[in-house]
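Comments concern the structure below.
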Amino acid sequence: MTEQEKLELIVKTLDDRRGEDIQALEISDLTILADYFVIVNGTSNTHVRTLADEVEFQLSQKGIEPQRREADTGNTWIILDYADIIVHVFYKDTRDFYKLESLWADGQPVDISGLLVKE
């Protein structure tokens, strides 16, 4: 599976599970951490956990496991590290507090509008 296919699967999975405000940033020119960040928020702690679990499940079906999964104690921020793509799943208030998009504002936004289902 190519990096682009993996990115598309992650975004579509988050959208299918009603993740809110899905953003993808290309950060390969800024850091060696990853090539992309995918940032999304859920509406509750349970929703945050469900979003992360579903991404992990869908990628595992393709034989791809995260190198690392980190979560805070309240499931308000879960990180799935797939080496080239890092998925940040936030509870809305936590996302607003950390403002990850502002911290990585030099990253290049990726147009994912074609992957999202319009309601």
Flagged pairs (Cβ under 6 angstrom, 6 or more apart or on separate chains; first in the stretch 58-73, acidic (D, E); second surrounded by 15 or more Cβ atoms within 10 Å (Cβ to Cβ)) are E70/I79
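Determine, yes or no, whether F57 is of a type in the set (A, V, I, L, M, F, W, C) and farther than 17 Å from A24 by Cβ.
Working: of a type in the set (A, V, I, L, M, F, W, C): yes; farther than 17 Å from A24 by Cβ: yes.
Against the criterion (of a type in the set (A, V, I, L, M, F, W, C) and farther than 17 Å from A24 by Cβ), F57 qualifies.
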Restricted to the stretch 60-81 and to residues being among the small types (G, A, S) and at pLDDT below 95, the residue nearest to S44 (Cα to Cα) is G74
Inside the stretch 1-29, the number of residues satisfying the requirement of being surrounded by 16 or more Cβ atoms within 10 Å (Cβ to Cβ) and part of a loop (DSSP other than H, G, I, E, B) is 3
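The values are calculated or read from the model by the stated rules, or taken from the named source; none is laboratory data. Computed from a predicted structure; not experimentally measured. With ideal geometry, Cβ positions are generated from the backbone for all residues, glycine too; neighbour counts draw on all protein chains shown.
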